[in-house]
1. In deg cm²/dmol and to the nearest 500, what is the mean residue ellipticity at 222 nm of the chain if only DSSP H runs of at least 4 residues count, each as -39500 (n - 2.57), divided by the residue total?
2. How much of the accessible area of the stretch 41-114, in percent, comes from carbon and sulfur atoms when a 1.4 Å probe is used?
3. In nm, to one decimal, how far is the residue 106 label point from the residue 69 one, both placed 7 Å along Cα→Cβ?
4. Can you give me the C-alpha center-to-center distance between the stretch 1-54 and the stretch 98-114, rounded to a whole angstrom?
5. Just to confirm, what accessible area per residue do you get for the chain at 1.4 Å probe, in whole Å²?
6. For residue 43 and residue 56, compute 0.36 nm times the residue count separating them, minus their Cα-Cα distance, and round to one decimal in nm.
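The values are calculated or read from the model by the stated rules, or taken from the named source; none is laboratory data. Please read all numbers here as calculations on a predicted model, not as lab measurements. Neighbour counts run over all protein chains shown; Cβ positions are idealised from the backbone, glycine included. Please note that ligands, DNA and RNA were not included when accessible areas were found on the heavy atoms of the full protein model with its side chains. Shrake-Rupley method; radii C 1.70, N 1.55, O 1.52, S 1.80 Å.
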Amino acid sequence: QVQVVESGGGSVQPGGSPRLSCAVPGSYFSSHGVGWYRQAPGRQRELVASISSGGSPYYANSPVKGRFIISRDNAKNTVYLQMDDLKPEDTAVYYCTISGMGYWGQGTQVTVSS
């Protein structure tokens, strides 16, 4: 069983800046990209950002460009999603996946509310 584990979610006020973490097994981390997706209530899961095994980032969702930054720490086998200036519409469950492998974490809830 391949475990992908997200952490760092919670309740945040508008304008907050939490950082999500995604721990990936070492056997996959160095050779695969990792993606962050989110699913808001009543909506389909959508790609937020991904990062290649070489560290190149991609931001798929224009509303988060300039506010979210994806990065990876090769020493810790961890991918981060730094989220700045959060808005209520960013409320969702955030999932992490190993690109192209079909392995997903359980998700971490981020709720943006005053």
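1. Numbers: 1 runs with 4 residues, N = 114.
Result for the chain, helices only: -500 deg cm²/dmol.
2. On the way: 1830 of 3940 Å².
The nonpolar share, carbon plus sulfur, comes to 46 percent.
3. A separation of 3.0 nm, rounded to one decimal place.
4. 5
5. Accessible area per residue, the chain: 52 Å².
6. Details: separation 13, 0.36 × 13 = 4.68 nm, distance 2.77 nm.
Stretched fully, the residue 43-residue 56 segment lengthens by 1.9 nm.
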